[in-house]
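A quick write-up on the structure given underneath.
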2 protein chains.
Amino acid sequence: MLPRRPLAWPAWLLRGAPGAAGSWGRPVGPLARRGCCSAPGTPEVPLTRERYPVRRLPFSTVSKQDLAAFERIVPGGVVTDPEALQAPNVDWLRTLRGCSKVLLRPRTSEEVSHILRHCHERNLAVNPQGGNTGMVGGSVPVFDEIILSTARMNRVLSFHSVSGILVCQAGCVLEELSRYVEERDFIMPLDLGAKGSCHIGGNVATNAGGLRFLRYGSLHGTVLGLEVVSWGSCLVQRSPRGVLSRLSWAHVVAQVLADGTVLDCLTSLRKDNTGYDLKQLFIGSEGTLGIITTVSILCPPKPRAVNVAFLGCPGFAEVLQTFSTCKGMLGEILSAFEFMDAVCMQLVGRHLHLASPVQESPFYVLIETSGSNAGHDAEKLGHFLEHALGSGLVTDGTMATDQRKVKMLWALRERITEALSRDGYVYKYDLSLPVERLYDIVTDLRARLGPHAKHVVGYGHLGDGNLHLNVTAEAFSPSLLAALEPHVYEWTAGQQGSVSAEHGVGFRKRDVLGYSKPPGALQLMQQLKALLDPKGILNPYKTLPSQA
Amino acid sequence: MLPRRPLAWPAWLLRGAPGAAGSWGRPVGPLARRGCCSAPGTPEVPLTRERYPVRRLPFSTVSKQDLAAFERIVPGGVVTDPEALQAPNVDWLRTLRGCSKVLLRPRTSEEVSHILRHCHERNLAVNPQGGNTGMVGGSVPVFDEIILSTARMNRVLSFHSVSGILVCQAGCVLEELSRYVEERDFIMPLDLGAKGSCHIGGNVATNAGGLRFLRYGSLHGTVLGLEVVSWGSCLVQRSPRGVLSRLSWAHVVAQVLADGTVLDCLTSLRKDNTGYDLKQLFIGSEGTLGIITTVSILCPPKPRAVNVAFLGCPGFAEVLQTFSTCKGMLGEILSAFEFMDAVCMQLVGRHLHLASPVQESPFYVLIETSGSNAGHDAEKLGHFLEHALGSGLVTDGTMATDQRKVKMLWALRERITEALSRDGYVYKYDLSLPVERLYDIVTDLRARLGPHAKHVVGYGHLGDGNLHLNVTAEAFSPSLLAALEPHVYEWTAGQQGSVSAEHGVGFRKRDVLGYSKPPGALQLMQQLKALLDPKGILNPYKTLPSQA
């Protein structure tokens, strides 16, 4: 069996400081800090409206009267200072910048409802914003949309310590929720590198996947209820002859639909088949159908034993076989299976000074197990590692059970995004592909791009068939972009894959949906948008294809 | 540790024949046969239209020309023989009967599409029907709706033996799918007593829960894709001033929406965030928004070790503590936790001649574990049973690992529904309630109804907070009904529970949704119905509250 190294943690793993202390998942440094202002000397991000062929829709602009109304709704929660607005106007990747002049910070669903009612009446566009950690520009304005931040909606409302059902406001930071439920012997059903900044409302709005997806599944299954602010003033009735007519309807209850109506689907029931599962519409709708204000979510019990193995594999074929073997031998205790290639390891070493705990390999695999019996889990994992090493699937490896060491191993995988952002301009692709062919596109692009790309890397959630394909260059280059697109999307479509496995659509991918969705589906999406947000004020320019 | 009895299976368990051989979940006998005709001597089921205050909506009636058209679309698949139509017009509980004169048996999505296009043009109502095993009258006509049966759409289209992703037509019987995937080392993510008859399309349309829900979760999480036939001819566009206008739109691709358009959301990807998750609308929509024709579903690996423990508990408090203890000690291997009360056991004994394998107890609990290592699982379960017995939570018990014995233990729980149907007229309630108070309503009703009820029982998916509350009587009695309703619904609403945890709404519960859904939610449901089925031809009189 592989000797357990963590008891004598090699010095080379700690070579160089990993950056500022604190929430270990949080990237540090001026370029990498999520949502930070441009540091002196850092080039300013070009305005989205100047860089992309977008035209502002005929929304109203914010007036003095609007500001006065907002101040009445959210006293002390109206931000108009240009300096304070810099960061919220720029996305995490620092390639998109809006020109919003107003950011609102409501504290309750009621305030969100009143804001939206006012904006609906005045035809003002609204950009909901959580932690602003998205990868597709879904959380920053394109023009002057009012930014509606959930940052002050950060209270836990209830937690049922037997069932593990958590009810909280949408602006709770994921890492803080994790801490809260872990103190009570539960864990959050999702985990991602952005945990130190992202909000649970944003996670739900984008149907975030993440590192625990393999074990705990989709938010479509773990979210039990939502309270959403949207629009609900239109009731369509069918006359006896089947002809449609429209009536206005004053709602008495609350889901915050686009005119401020609040839709209360905030059940905390594990099972509830009383009609259409309406919350499902809003999960993954990216703030374009309604603003999520409250979330009810089912948390799994905290595992008694967590093990992480970090292994080197000699080739991608061996990565795949390791995965199959792993599933067979670890079964129900497997909670994550991630992979990264050699270039990823070089980049986290170069830019973040994190050293590999294993010998240099073409591929690395991170396996996590979570179970209720430490002895049983160690035995399962031990047998697996013995087999994997003995058969040559794995050429080197290390294992950790201690929480600190587990976090250090996870950092090698979680901080790849940060390392890439320090390597230059990054072209990012998040694809679902058949797992047997997951890495082929990386090899193909290296050949195709040659020296025009600085680095081409592949890593991601192999267990879910989700590849993060990234290409870095010294600076943005139209010819490099042309070599990448639509090639990558056509490749993906050819495999019946998804051009956005988990990152969503946002601003960046709205016009490539057709590679993964047929026209009929896109039309139904437009119909749903028109039904729930007829004025189109919720997060415009996002998620749906730009109209012809 | 509790001695393992199965090696010397007590004779008393086999006292009396359990009924006809064959698919062990399938109820037998004239009264219990699902979908059978009235046996000679069995009272005929009253027509729904005579028993309930419903008025037929002004749909067309089927003409000779319609029949000719159907015969062209589905040659040999048009059933008009009154005797053959008897069973499909009656629900499994034999309390609802429609008067449909036509049953269609398409074989492909294309045929479903053409049928629906014709019905849309002619304003003919359609009742989709799978296995006709539903508990709420959702699968039988109320008047003369055309029955569209999925019985001939029973092909497996593909199965990926590494990922476990199954793609099949909607009319595949659940038990046959189980057999198919089990031969390939996977299992279906859901299991229910009706498995011998129910169709996977119906399971998805009703968001079926079942016995494995505790472990594998909701179909909202395990269904990866759907192909659905519905209506898609209307595109709503927003003019520059925000005013809505309606345009006709000829679709080029296929999901079978209500006018025959086919919506292809049949991805087999584990993760796909390219826009709104449209399939979620149809999961649990009970055939009222579209007809599911094809399903893509993620199957879990077949566990190497399955254990079932059947235990007697002295009280409901002990049942609850057994559940908590179980979760703590069995953790990730727990795959089911069911309970039943003493009267349930008496009824399965009396009507089905199944004998209890443990001494008579006020409550019984069935625990199933599923894991990848038989030794580890036996150890976990052994420790748990030792603790449970030693602490008095459990007073008697038996355990099984052999498949045949496992099935026999499961039969005690799965055949309660059948036993109840032989006990007389059954008033059925399927509720989500806080688990600590799950049984209170049973106790309350016994006191409230006194000798007016024959039996009052409680059983169900305790692990999910789902109670099956049933009251039997010699015959239907309006005064008994008045004592039950709205009392049971008001009780449930008072606990913020669900008046339909898993059985759905169908015909029976359409007017009690208000106990679990606010008016705003019901209005949004109506709006979605109007969008996707403006003529209201899909499964009318079901799922949505009857219009004022």
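For the stretch B:65-166, the antiparallel share of DSSP beta bridges with both residues in that region comes to about 45%. For the pair A and B, the buried accessible area comes to roughly 7800 Å² in total, with a 1.4 Å probe and the value rounded to the nearest 100.
Nearest-to-axis residue in chain A, judged by Cβ distance to the rotation axis that brings A onto B and given in whole Å, is A:221, 1.
Solvent-free Debye calculation, one equal scatterer per alpha-carbon of the stretch A:265-338: log10 I(q)/I(0) at 0.13, 0.21, 0.28 Å⁻¹ equals -0.72, -0.93, -1.41.
Rolling a 1.4 Å probe across the protein heavy atoms gives chain A an accessible surface of 36 Å² per residue. Quarter the surface of the alpha carbon convex hull of the stretch A:349-403 and you get the mean projected area, 4.8 square nanometres. Inter-chain Cβ neighbour count for B:319-332, averaged per residue, equals 3 (cutoff 10 Å, partner chain atoms only).
Counts of other chain beta carbons within 10 angstrom of each beta carbon in peptide B:278-286 average 5. At full extension, residue B:158 and residue B:122 could sit 9.4 nm farther apart than now, given 0.36 nm per residue minus the alpha carbon distance. In this structure, the pairs whose alpha-carbon distance is over 20 Å, taken from B:454/B:542; A:302/B:327; B:509/B:529; A:279/B:529; A:509/A:542, are B:454/B:542. Here the simple spin-label model places points 7 Å from the Cα toward Cβ, and for residue B:374 and residue B:443 these points are separated by 4.3 nm. For the stretch B:398-514, the Kirkwood estimate of hydrodynamic radius, built from reciprocal distances between every pair of different alpha carbons, is 15.2 Å. Each 10 Å bin from zero holds the following percent of Cα-Cα pairs in the stretch B:80-171: 16, 42, 29, 11, 3. Give me the Debye-computed log₁₀ of I(q)/I(0) at q = 0.18, 0.23 Å⁻¹ for the stretch A:412-473, equal point scatterers on Cα only, no solvent, two decimals. With one equal scatterer per Cα and no solvent, log10 I(q)/I(0) is -0.62, -0.96.
Under 5 Å from the amide H of residue B:129 lie the amide H atoms of B:148, B:149, B:150, each residue being 5 or more positions distant or on a separate chain, with H modelled from the backbone and absent for Pro and chain starts. For the stretch B:82-151, the dipole from Cβ point charges (+1 on Lys and Arg, -1 on Asp and Glu) about the Cα centre works out to 60 debye, to the nearest 20. Can you give the net charge of the other residues whose Cβ lies under 15 Å from the Cβ of residue B:155, counting K and R as +1 and D and E as -1? With Lys, Arg at +1 and Asp, Glu at -1, the neighbours total 0.
Each principal axis of the Cα cloud of the stretch B:279-414 was evaluated for its coordinate range; sorted largest first, these ranges are 52, 38, 30 Å.
For residue B:64, inter-copy separations between label points set 7 Å beyond Cα along the Cβ vector come to 8.0 nm, shortest first. Distances between copies of residue B:155, taken at a point 7 Å out from Cα along the Cα→Cβ vector and listed shortest first: 5.8 nm. The stretch A:439-469 and the stretch B:110-180 have Cα centres separated by 41 Å. In the stretch B:61-122, Rg over Rh equals 1.00, where Rg is the alpha-carbon radius of gyration and Rh the Kirkwood radius from pairwise Cα distances. Sorted largest first, the spans of the alpha carbon positions of the stretch A:349-461 along the three principal axes are 51, 30, 26 Å. Let me know the whole percent of all Cα-Cα pairs from the protein assembly as shown that are separated by more than 55 Å. Every Cα pair in the protein assembly as shown considered, those over 55 Å come to 15 percent. What is the percent carbon and sulfur in the accessible area of the protein assembly as shown, measuring with a 1.4 Å probe over the protein chains and ignoring ligands? Heavy-atom surface of the protein assembly as shown belonging to carbon and sulfur, 1.4 Å probe: 54 percent. Taking Cα centre as origin and charging only the Cβ of basic (Lys, Arg, +1) and acidic (Asp, Glu, -1) residues, the dipole magnitude of chain A rounds to 800 debye. Inter-copy label distances at residue B:182, using a point 7 Å along Cα-to-Cβ, come to 4.1 nm with the shortest given first. Here chain B is treated as a sphere whose radius is the Kirkwood value from Cα pairs; by Stokes-Einstein at 10 °C and 1.306 mPa s it diffuses with a coefficient of 65 µm²/s. What FRET efficiency comes out for the pair residue B:50/residue B:360, r = Cβ-Cβ distance, R0 = 45 Å, nearest 0.05? Rounded to the nearest 0.05, the efficiency is 0.55.
The values are calculated or read from the model by the stated rules, or taken from the named source; none is laboratory data. Since this is a predicted model, take the numbers as computed values, not measurements. Glycine also receives a Cβ, built like all others from the backbone with ideal geometry; neighbour counts cover every protein chain displayed. Ligands, DNA and RNA are stripped out before the accessible areas are found, and what is left, the full protein with its side chains, is counted by its heavy atoms. Shrake-Rupley method; radii C 1.70, N 1.55, O 1.52, S 1.80 Å.
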